[in-house]
Ligand SMILES: Cc1cc2nc3c(=O)[nH]c(=O)nc-3n(C[C@H](O)[C@H](O)[C@H](O)COP(=O)(O)O)c2cc1C
């Protein structure tokens, strides 16, 4: 299992060197809560909100609170902000710190067109001084109450400047740098090149969190060994197997119960409609590998299910449990 040098934990709230990636449309409190109940803090070190966009005004406290959700676990929850206006992002960071965020993470990786138009997300990667400026303004705004971290891609069109990007994050005063090793142009494509993470590790003295292409539990150690990164962040593989952090082998019943609890949380926390919940379940089912609940042979039958109630009923049969959704 991945090891951490206790020294680098000072100043960072993470309880283990493996983190759940921020994922828009997935890592809301409804999903995170179920993941957190399945892990001890020695296995999963922290989680992040989906990105919270900072547009024409600073993010109000109520919005941050909604992303943080009710506090049900001791595990640290970082709030991720994405924006281009230095003052508005810094004010939002201060609000998030006051609202209980354990970490403020800045998104310099989102490849979406909306982010690029607003010069946020990965659009800022081409401008390292601006990266430093955004990080530095947040560090100043939170005034030591919580650490500020940054999540970058390895570059825009190529990864030639990954060291420069890493140094810009460090110069701004970030306490940790997460490197998603794909460039913006590569979107989410495989294969990944972890040497880019190693290059970032060599360029800075702050802890680096490697991200990109972890598929199975063994990849976590492998990424640490091959790159020298201190932390590893897992994205999509955790959507298919939320137990990936510990490598625990679960049954199809455990897997179905996870999904039903997620659905019940969505109903409660967001007053979700059964149709909306079914859509969110299908999003996970499209990745799902845990417990053999979904196989490549029957994945499409899960995804084609038109009747939301029938989808839930199918999960209830697999769970051997009547976890109530409505
Ligand atoms: C559905 C989805 C939503 C994502 N949303 C965010 C986000 O809100 N903030 C962010 O920094 N990255 C986001 N990402 C990128 C992931 O955090 C991660 O960097 C990426 O998936 C690579 O890791 P992986 O190969 O382990 O999946 C998202 C990825 C996916 C698949």
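Each value in this text was obtained by applying a stated rule to the coordinates, not by laboratory testing. Predicted model, so just to flag it, every value in this text is computed and none were measured. Virtual Cβ from ideal backbone geometry, glycine too; neighbours counted across all protein chains shown.
Annotations
- For the stretch 252-319, the normalised intensity computed at q = 0.20, 0.25 Å⁻¹ comes to -0.74, -1.16 (log10 of I(q)/I(0), Debye sum over alpha carbons, equal scatterers, no solvent).
- Panel order for 285, 266, by other beta carbons found within 10 Å of each beta carbon, from fewest to most: 285, 266.
- For 246, 286, order by how many other beta-carbon atoms lie within 10 Å, fewest first: 286, 246
- Volume per residue for the stretch 185-271 equals 137 cubic angstrom (convex hull of Cα atoms).
- Over the chain: Kirkwood hydrodynamic radius from C-alpha pairwise inverse distances, Å: 19.9 Å
- Relative to the longest principal axis of the Cα atoms of the chain, the long axis of helix 86-99 makes an angle of roughly 50 degrees.
- Mean Cβ count within 10 Å, highest first, over the residues of peptides 154-165, 298-309, 61-72: 154-165, 61-72, 298-309
- The stretch 232-273 shape via C-alpha gyration tensor axes, a/c threshold 1.5: oblate
- Helical content alone sets the calculated 222 nm signal of the chain at -12500 deg cm²/dmol, taking -39,500 (n - 2.57) per DSSP H segment of four or more residues and averaging over every residue.
- Relative contact order, percent, the chain [alpha-carbon distance under 8 Å, six or more residues apart]: 14 percent
- Angle between the chain longest axis and helix 252-270 axis [Cα atoms, degrees, rounded to 10]: 70 degrees
- Among beta bridges from DSSP that stay inside the chain, the antiparallel ones total about 0%.
- Against the empirical curve 2.2 N^0.38 Å, the C-alpha radius of gyration of the stretch 117-256 lands at a ratio of 1.11.
- Fewest neighbouring Cβ atoms within 10 Å first, the residues 248, 170 line up as 248, 170.
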